[in-house]
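Report on the following structure.
Since every read-out is calculated from the coordinates, none of them should be taken as a lab result. Note that this is a predicted model, so its numbers are computed, not measured. We place every Cβ from the backbone using ideal geometry, glycine too, and count neighbours over all the protein chains shown.
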Ligand code: HEC
């Protein structure tokens, strides 16, 4: 063969042979890269590391560390101030939330509890879940959620234990968002108190979008959706319709804590009451009667007592916001005049709060 031909055929054969081999990456050979910009972006990839800029990218990270003290969007709820220490646990007792114990929140809490907690603590919270029963792990020393131990355990501590764990119970922060932890806590209280548990009313439904009372236009029903009372604000209310709505709104937001602090206001009550206080301060000739209400299941200290104390709590709060105490009266409503159905938990929630009558 002539040299020319060897070159010619050699080339013809070599090109396909090379193209088969050269692009194939294997083992340590990354193959040939054509147009590497297609693989390695000129712009910095957030999760990659770029060497050589150590002056401003610590550990060669492209992603910046968040500025100290800043919180990423949507993560505010994840800031939990108490450390996983004995002191942190004690301090957590005062930690609270404005998450309402509505029917739907409690139902969601049950779903989450059944998934995350029931295999140890048992579906009804008797510490008789499969794991404790099988003795694979010793259960807690307290006898379940109806025990005095749990009844006296502040919500904040329960939140702390769900977040950080305690003893043999592991942390559950990775499984439950902060909101979900509070929903589970409401469900625990429901399991603990049974029928004595008081649901919070669902919020959206208490007033119509146009500001009219959800129960119609007659203007006599003070209590919107839960229909528990007829009283003075409708007929003799001295202010404008707008001001009347403000009072209704404040009333619908008044909520009390669960055992053992049933006469203490939940934080979610304050915004409405602050507005009401402003209204009463600027109309110093108005008088307000605050009537406390409870359900009939309250027996240990008597419904009468608790409803008076609840009314006092609201009056004291209004006074602390500058309302003249001479214009305020706190009255026990007992449970005699309610119109709500008291046989069901839903009915009981409508009888539990305060009514506020305003006149001149
Ligand atoms: C693997 C079993 C297990 C699971 C799952 C579990 N726990 Fe526990 N839990 C325990 C044990 C054990 C203790 C006792 C810890 C101690 O006091 O040392 C405990 C204690 C508690 C306490 C009492 C805390 C205190 O301050 O004394 C509460 C409340 C509680 N758990 C709620 C929950 C909730 C809510 C969930 C679900 C999100 C859950 N637990 C999931 C095992 C478990």
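What distance in nm separates the simple spin-label points at residue 202 and residue 143, each placed 7 Å from Cα in the Cβ direction?
The answer from the label model is 3.8 nm.
How would you rank 256, 132, going from fewest to most other Cβ atoms within 10 Å of each one's own Cβ?
In increasing order of surrounding Cβ atoms, one gets 132, 256.
Using the number of other C-beta atoms within 10 angstrom as an exposure proxy, rank 182, 142, 32, 286 with the fewest first.
Fewest to most other Cβ atoms nearby, the residues stand as 32, 142, 286, 182.
Order of 254, 76, 319, 67 from fewest to most other C-beta atoms within 10 Å?
So the ranking, lowest neighbour count to highest, is 67, 76, 319, 254.
Determine the shape class of region 32-145: with a ≥ b ≥ c the square roots of the Cα gyration tensor eigenvalues, call it rounded for a/c under 1.5, and otherwise prolate if a/b is greater than b/c, oblate otherwise. Numbers along the way, then the final one.
Numbers: a/c = 2.69, a/b = 2.17, b/c = 1.24.
In terms of gyration-tensor shape, prolate.
Quick check: from the Cα gyration tensor, does region 82-196 come out rounded (a/c under 1.5), prolate or oblate? Walk me through the numbers on the way to the answer.
Working: a/c = 1.38, a/b = 1.06, b/c = 1.30.
Rounded is the answer for region 82-196, as its axis ratio a/c remains below 1.5.
If r is the Cβ-Cβ distance from residue 123 to residue 71 and R0 is 41 Å, what FRET efficiency results, to the nearest 0.05?
0.65
Multiplying the sequence separation of residue 134 and residue 284 by 0.36 nm and subtracting their Cα-Cα distance, what value in nm do you get?
47.3 nm
As an exercise, use a Förster radius of 56 Å and the Cβ-Cβ distance of residue 93 and residue 14 to find the FRET efficiency, rounded to the nearest 0.05.
Numbers: r = 81 Å, r/R0 = 1.44.
It comes out at approximately 0.10.
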